[in-house]
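To start, the structure under review is shown below, and the notes come after it.
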Amino acid sequence: MFTTVEYVNPDGACEAQGLYSHLTAVPAGTDLLFVAGQLSVGGQGEIVGIGDFAAQFAQVHRNLEAVLTGAGVTWNHIIQFRTYLVHSQDIATFMTLRAELYPTLFASAPLYPPNTLLTVDRLVKEDFLVEIEAIVAGPSARLPHLRPTTPEAAS
C-alpha cells in the first residue's frame, strides 16, 4: 500500500534557508512522476499576471494543482521542487507567498519538499516571472487514466 512521502532534516544538516527540507524519504516500489515546469498560463493559453509576481505565483500553483489532481496524487506526494525566478528581487516575495500558501497545501507542515531555487535570465516567454517543476511519488496503478500527449505515445 502506498503511503505519502516523508520530509526529513537529518541530524547534522545545516538549517534550511527557506520552507523546504533537506531530504525526502520515498516508500520502496514507488513510481516517480516528473512534472514539467508550470508557468502562469490560463485556461485559454494566455499569460496570467503580466508584470505581477504574486499573480503569476498563484497561477503557477493552480496549474500544479491541476496536474497533481489529474495524475491522482496530492501535494503530499511531491518529492522535490525546482523553482526558477527571473528576478532575484522577487526572492523575498516568493518566500513570503510560500509561507502563506504552503501550510494550507501540505499536511506535513511545517516540513515541506526540498526546493532548489534558481534565478535565470528569462523563461520561455519574456513575460513569465516564475516557473516551478516537481518530482512526484505515485504508484503506477494511478496512471492508466492519463492520456498520451502524442499519437506515437498511444501506440
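Taking Asn76 as the residue in question, decide whether it is over 25 Å from Phe53 (Cβ atoms) and modelled with pLDDT of 90 or more. It is true that Asn76 is over 25 Å from Phe53 (Cβ atoms) and modelled with pLDDT of 90 or more. Thr69 fulfils the conditions (1) of a type outside the set (A, V, I, L, M, F, W, C); (2) under 26 Å from Gly138 (Cα atoms); (3) in a loop (DSSP other than H, G, I, E, B) except for a single criterion, (3).
Among the residues making up the range 93-109, those that are farther than 21 Å from Gly51 by Cβ, more than 14 Å from the chain's Cα centre (by Cα) and assigned to a helix (DSSP H, G or I) are Ala99, Pro103, Thr104. With respect to being crowded, with 18+ Cβ neighbours inside 10 Å, touching a Pro at 6+ places or on another chain (Cβ under 7 Å) and assigned to a loop (DSSP other than H, G, I, E, B), Tyr112 falls outside the description. Tyr84: among the aromatic types (Phe, Trp, Tyr), buried (at least 17 other Cβ atoms within 10 Å of the Cβ), modelled with pLDDT of 90 or more and part of a strand (DSSP E or B), yes or no? In short, yes.
Within the range 27-58, track down each residue that is among the hydrophobic types (A, V, I, L, M, F, W, C), in a loop (DSSP other than H, G, I, E, B) and surrounded by fewer than 17 Cβ atoms within 10 Å (Cβ to Cβ). Spell out the reasoning first.
Step one: filter the range 27-58 for residues among the hydrophobic types (A, V, I, L, M, F, W, C), giving 28, 32-36, 39, 41, 47-48, 50, 53-55, 57-58.
With the extra rule that they be in a loop (DSSP other than H, G, I, E, B), the set shrinks to 28, 39, 48, 50.
Within the range 27-58, Ala28, Ile50 meet the criteria.
The values are calculated or read from the model by the stated rules, or taken from the named source; none is laboratory data. Keep in mind it's a predicted model, so treat the numbers as computed, not measured. Heads up, the Cβs are rebuilt from the backbone with ideal geometry, glycines too, and the neighbour counts pull from every protein chain shown.
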